[in-house]
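Worksheet: one structure, shown below.
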Amino acid sequence: MVDGKVCNALTSTRSTQKCFICGATSKDFNRIDEMINRAITTENLEFGLSVLHGWIRMFECLLHLAYKLPIKKWQARGNDKEIVLENKTRIQKEFRKRCGLIVDQPKPGFGNSNDGNTARRFFKDAELSAEITKIDIELIKKIHIIMIVVSSGHAIDVEKFRQFAHDTARYFVEHYPWYNMPPTLHKYFIHGPAIISSALLPIEHYSRKCSRDKTNEDVFNAFFLSSDPVITSKRKLPKKKLQHLPKEAVDLLKLELDQIQSHIDDTNDESDEEVILSSSDDDDDTY
Ligand SMILES: [Zn+2]
């Protein structure tokens with residue numbers, strides 16, 4: 001996938017804590033109004049948003065924030081380190097015991113157990129995730145809506161999305177001012193709307209996660225494709241059925257009137273439960 005590191009390398013942005021779109025660094029990200037009004041390098045918007053990367057990074061941000069909730073400090077020093085580690089262990093155990101979810105465990109070979117499916121399950125069961133992590137449930141739900149919208153494959157109402165994304169950024173900072181917003185959240189909340197509206201390059205699945213070779217191949221293909229808007233426009237995300245999306249997500253989409261009517265009909269026919277699509281080998285299919 002084209003993650004922050006790849007984009008930073010390509011745009012000569014040295015620190016991974018630096019935003020390759022506006023040049024701000026992690027110490028600036030929490031000043032939301034300043035970030036919204038900051039000048040951007042428009043050409044770099046074309047790298048788009050990697051949806052799978054987004055799901056995983058959003059999830060990991062909330063996990064790492066949760067570990068530090070007992071100390072409410074960005075950096076754990078001295079005794080605090082032990083407190084954070086204990087809380088991390090508790091959270092991991094509870095996820096495993098209560099829903100069989102293995103979070104943040106090293107995987108043999110490389111990386112860790114956090115993948116797109118883990119992230120989706122975390123957001124899907126916001127009540128349980130909030131109970132275990134003690135993170136504000138509204139924040140989990142808001143971020144979930146953002147990810148559902150960008151993964152939906154439907155045209156997004158950029159103005160409504162901007163409002164929602166900026167509100168979510170402010171909500172994050174109001175609740176957790178001591179936690180520096182990570183670059184991926186900054187990118188989605190602050191630049192997401194501009195990326196979407198500039199999108200010759202629609203929000204993409206850049207890569208399969210099955211192997212490194214495949215990933216590299218996909219990254220190469222993504223850059224090849226992004227140099228050609230005509231080819232790129234053929235690689236849109238498959239559209240999720242509207243009746244499978246929560247209302248708050250549908251509200252942020254640009255829909256034709258007949259789609260809205262059929263959504264209302266479908267919603268009336270079914271229970272309020274959000275329907276989960278079955279998982280396939282591409283783990284970016286459910287939410
Ligand atoms: Zn930025």
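Points to keep in mind about this one:
- Counted residue by residue at 0.36 nm each, then reduced by the alpha carbon distance between them, the extension gain from GLU174 to GLN75 reaches 33.8 nm.
- Filter on LYS73/LYS160; LYS73/LYS142; LYS18/LYS239; LYS27/LYS239; LYS27/LYS68; LYS187/LYS239 - keep pairs with C-alpha separation over 26 Å: LYS73/LYS160; LYS18/LYS239; LYS27/LYS239
- Less than 5 angstrom separates the built amide H of LEU253 from those of ASP157, all sequence-distant by 5 or more or on a different chain.
- Taking chymotrypsin sites (Phe, Trp or Tyr not before Pro) across segment 21-118, the ones in a DSSP loop with at most 15 further Cβ atoms lying within 10 angstrom of their Cβ are TRP74, PHE110.
- Mean Cβ count within 10 Å, highest first, over the residues of peptides 155-166, 137-148: 137-148, 155-166
No lab work stands behind these numbers, since they all come straight from the coordinates. Just so it is clear, the model here is predicted, and its values are computed rather than measured. Ideal geometry is used to build each Cβ from the backbone, glycine not excepted, and the neighbour counts take in all protein chains shown.
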